Amino acid sequence: WSELLGIRITIIGADGVVLADSEVSPSQLGDLDNHLDRLEVRRAMEIGSGSDRRYSATTRVPYLYYAVRTKDKATGETFVIRCSLPMSRYYKILSRVRANIFVAMLAAGVVALSAGITGVRRVTRPIRKLTAALRATRRGEPAYYPRGGSLEIEELSRTLKENAEAQTKMTNELEGERGLLRTVVRSAPCGLLLVDGGGVVSYAND
């Protein structure tokens, strides 16, 4: 397991005696100190698990320790399994994890930005078309009112189209009435003048 995971594994008895260690030969286990005073081992025995950071007296390298209490189902014997990782490797893993998180956040940001731009365009495109249609209507030109977009945009487009059609109809009727009035005034058998408040003639028939 130590070779597979790339970590140091120590098996410690309930009395603190080291029973096995992946980096210490079986013949040298007797030379190791009692581990019951180790913080992570003591916490594991008391509450089930514990951790600590310190220099290893065996390897003289700073380690991150994590210990878990367990029990042999066959014999009922309690012991502690402790995993330790050199802090240098821990920092490398942490740096790699942070880099992966940064890349993931950057990718998520790009996706969110793209989705936001797409959403904004879906809203602003019909609005730009509506603006162009209103300008065309104001100039008296044929106008196209879009039908796509959200329900609100579609409702607005339909309302503006109905208003533009009503305005065009009213303008045509006014132009017809004005033309009819102009014809009547022009063909009147008497002289007609339209004079403003300042006494200026605004219109006169022949």
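Contact map, region 73-87: residues that are farther than 17 Å from G50 by Cα paired with residues that are open to solvent by less than 40 Å² (accessible area, probe 1.4 Å) and at pLDDT 90 or above, Cβ distance under 8 Å, separation 6+ or inter-chain. Pairs shown: E77/G13.
Might you check whether a residue that is farther than 30 Å from V120 by Cα and either under 41 Å from the mean Cα position of the chain (by Cα) or open to solvent by 80 Å² or more (accessible area, probe 1.4 Å) (or both) occurs anywhere in region 145-165? Among the residues of region 145-165, not one is farther than 30 Å from V120 by Cα and either under 41 Å from the mean Cα position of the chain (by Cα) or open to solvent by 80 Å² or more (accessible area, probe 1.4 Å) (or both), which makes the answer no. Note on region 1-31: residues that are open to solvent by less than 40 Å² (accessible area, probe 1.4 Å) and in contact (Cβ under 8 Å) with a residue 12 or more places away in the chain amount to 12. Within region 5-31, being assigned to a loop (DSSP other than H, G, I, E, B) and either over 53 Å from the mean Cα position of the chain (by Cα) or β-branched (V, I, T) (or both) holds for I7, V17.
The values are calculated or read from the model by the stated rules, or taken from the named source; none is laboratory data. Every value quoted in this text rests on a predicted model; they were computed, and no experiment measured them. Reconstructed Cβ throughout: ideal geometry from the backbone, glycine too, with neighbour counts over all protein chains shown. Surface areas here come from the heavy atoms of the whole protein model, side chains and all, with no ligands, DNA or RNA. Shrake-Rupley method; radii C 1.70, N 1.55, O 1.52, S 1.80 Å.
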